[in-house]
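J.: Have a look at the structure that comes next, please.
Coordinate-derived values only; no laboratory data. Everything numeric here is computed off the predicted structure, so don't read it as measured data. Neighbour counts are summed over all protein chains in view; Cβ atoms, including those assigned to glycine, are modelled from backbone coordinates with ideal geometry.
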Amino acid sequence: MDDKWWQRAVVYQIYPRSFMDTDGDGIGDLPGILARLDYLHWLGVDTLWLCPIYRSPNDDNGYDISDYCAIMDEFGTLADFDRLLVDAHRRGMRVILDLVINHTSNEHPWFVESRASRDNPKRDWYIWRDGRDGGPPNNWESIFRGPAWEHDAATDQWYLHLFTRRQPDLNWENPAVRASIHAMMRWWLDKGVDGFRIDAITHIRKAPGLPDMPNPQGLAQVAAYPFHMNVAGILDYIDELCRETLAGRDAMTVGEANGIGPDAAEEWVGTTRARLSMILQFEHWHLWSNAPQAALDVRALKRILGRWQTALHGRGWNALYLENHDLPRVVSRWGDPQRFPRESATALATMYFLMEGTPFIYQGQELGLANAAFASLTEFRDSFAHNRIAEMRASGMSEDAILDEMRRTGRDTSRTPMPWDDGPHGGFTTGTPWLAAHQDYRTANVARQQAAPGSVLHHYRALIALRRREPTLIHGRYGALAPRSTRIYAYTRGEGDERIAVICNLTGSTATFRHAGFALESRDLLLANRAVAPHGPRHALSLAPWEARVYRISAAC
């Protein structure tokens, strides 16, 4: 496999609204990211993923774009972005942009024209249909809850919106739409951006005729949508996009790929396909979203991630992640923030970070932040949260029960301002933050953890450094260990004499790891999240709760 820069990269996801505010309006901005580049360089990350920074009315916090080639007013100006890009490149860091091409804002000039009249030249740039029996054209529901159609009284037709009603879906069957998207992407690449994370990419093609379908229940982000997700023919759009936009460029592309499994992944990211660099798969979300109150099913996690490792080795590339702006914090989902906050955060980090693929870190994850503890439902800002709260109220749930549910599952719980120090609002702003500071900001902040060598932050820094200096951790084959264990997640990287073992206890109880094929000894210990007493060659290890160790394998049985 050719060695690409993005295969060696470590990506840091920035949610600009919550990262760093420099003008006191309580909203993060581009100068704030620029001011914290030295921290990111110290941490060791080399690629920055910026959540949407484009002009937007913020119905969905920037994922509703009203101008692809302008910067959101609260974030700064295009000149601010240019300075950020130059300074990042000067430090040897790359920048990729979050790009939404399934839909736009209803304030985008394209949609303003489209809804002006039925015979407007841009009418067919979006998906308009006549109603059925006095209601919407079909039974589709929005991924954000409620109907996926909005009636337009002026033209007496309905437009499709898979997300909020202010996010109308583009009509990708129209060649003019596709050409305009391609031109916009080339414009950003010509400015020097290093690639894109492409939002909701598996939804851009809809089934011909838009037939009715069974609407999914539960946490809809990880549900199946047979007629607007991974519909046959979607890869033709991807091929055209890559050919018209990316050909001849050394760019990184990351597709948010709901519904893609490991068997189909090679079609999207295979080295012989010339399509995307990698995809963000959703399969491991199901373990949490299907049972938000249950403990982590370690064996199921191993089966899921192991299949992805095996399927793409030598044929494609994985994106490795546990957190992002759409998920609650992993320590609250799968760890133990009350009894073992540092240990569970670092064990989970070690488990995923050293697999084959490009690791992603979401801001604050490197501090081991748990979910923000919202005191009332009025504190939630997310549009999906508002719809979910209304749905639960309509079902008869009590306010306390709804608050408990939202504290576990709401997306706002991971979007609170980045805690930089123990000053007011965690050093994020001199004004009033758009979301209240995290409840733990006085103890879980960058300044405090930088000064503490045993902190979660230093463990992430050590993981980044270890991956950078060990070639085996880039392309070495993944081999499952202890597959039947319900407590231990363990695997090897590499083959023959060049192997590294990663062994993680992902529970709050002591666990034993055994393997007859090789011995482990303390002189070959590369990284651990707890103190390890010196020991000679062993085929069995007793691991404390949430203990993680990484060894170079030195002795065969």
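J.: May I ask you to order 345-355, 401-411, 522-532 by the average number of other C-beta atoms within 10 Å around their residues, highest value first?
T.: 345-355, 401-411, 522-532
J.: Direction-averaged shadow area of the convex hull around the Cα atoms of the range 1-70, nm²?
T.: If I average the Cα hull's projected area over directions, I get 6.2 nm².
J.: Principal axis extents for the chain, Cα atoms only, whole Å, descending order, please.
T.: In descending order, the Cα extents are 79, 52, 52 Å.
J.: On a C-alpha basis, how far is the centre of the range 482-511 from the centre of the range 130-187 in Å? Whole number, if you could?
T.: 47
J.: Between helix 298-312 and the chain, what is the angle of the helix's C-alpha long axis to the longest principal axis, kept within 0 to 90° and rounded to the nearest 10?
T.: Here the helix axis deviates by roughly 70 degrees.
J.: Let me ask something additional. Run the dipole for the chain about the Cα centre, Lys and Arg Cβ at +1, Asp and Glu Cβ at -1, nothing else charged, and hand back the magnitude in debye, nearest 20.
T.: So the magnitude is around 2140 debye.
J.: So, counting K/R as plus one and D/E as minus one, what does the shell of residues with Cβ under 12 Å around residue 198 add up to?
T.: -1
J.: Taking only DSSP H segments of four or more residues, each worth -39500 (n - 2.57), what value at 222 nm results for the chain once the sum is divided by all its residues, to the nearest 500 deg cm²/dmol?
T.: Estimated from H runs of four or more residues: -7500 deg cm²/dmol.
J.: Pairing the Cα long axis of helix 175-191 with the longest principal axis of the chain, what angle in degrees results, from 0 to 90 and rounded to the nearest 10?
T.: Relative to the chain, helix 175-191 is tipped by roughly 50 degrees.
J.: I would also like to ask the following. Quick one: which of 55-64, 435-444 comes out on top by average Cβ neighbours within 10 Å, and what's the full order, highest first?
T.: Packing proxy ranking, top to bottom: 55-64, 435-444.
J.: Same structure again: Taking +1 at the Cβ of each Lys and Arg and -1 at the Cβ of each Asp and Glu, which of 537, 68, 99 sits farthest along the dipole of the chain towards its positive end, judged by Cα position relative to the Cα centre?
T.: 537
J.: Continuing with the same structure: Can you give the net charge of the other residues whose Cβ lies under 12 Å from the Cβ of residue 281, counting K and R as +1 and D and E as -1?
T.: That sum, taken over residues with Cβ under 12 Å, equals -2.
J.: Expressed as an acute angle from 0 to 90° and rounded to the nearest 10, what is the orientation of the C-alpha long axis of helix 341-353 relative to the principal long axis of the chain?
T.: Its long axis makes an angle of about 80 degrees.
J.: Out of residues 5 or more away from residue 149 or on other chains, whose amide H comes under 5 Å of its own, with H placed 1.01 Å from N in the peptide plane?
T.: Counting only residues 5 or more places away or on other chains, the set is 161.
J.: Can you list residues whose amide H is under 5 Å from residue 94's amide H, if they're 5+ apart or on another chain and H is modeled 1.01 Å from N?
T.: Excluding prolines and chain starts, which carry no amide H, the hits are 47, 48.
J.: What Kirkwood radius, in Å to one decimal, follows from the Cα pairs of the range 432-504?
T.: Across the range 432-504, the inverse of the average 1/r is 15.3 Å.
J.: In debye to the nearest 20, how big a dipole does the range 351-415 give about its Cα centre with +1 on each Lys and Arg Cβ and -1 on each Asp and Glu Cβ?
T.: That gives a dipole near 100 debye.
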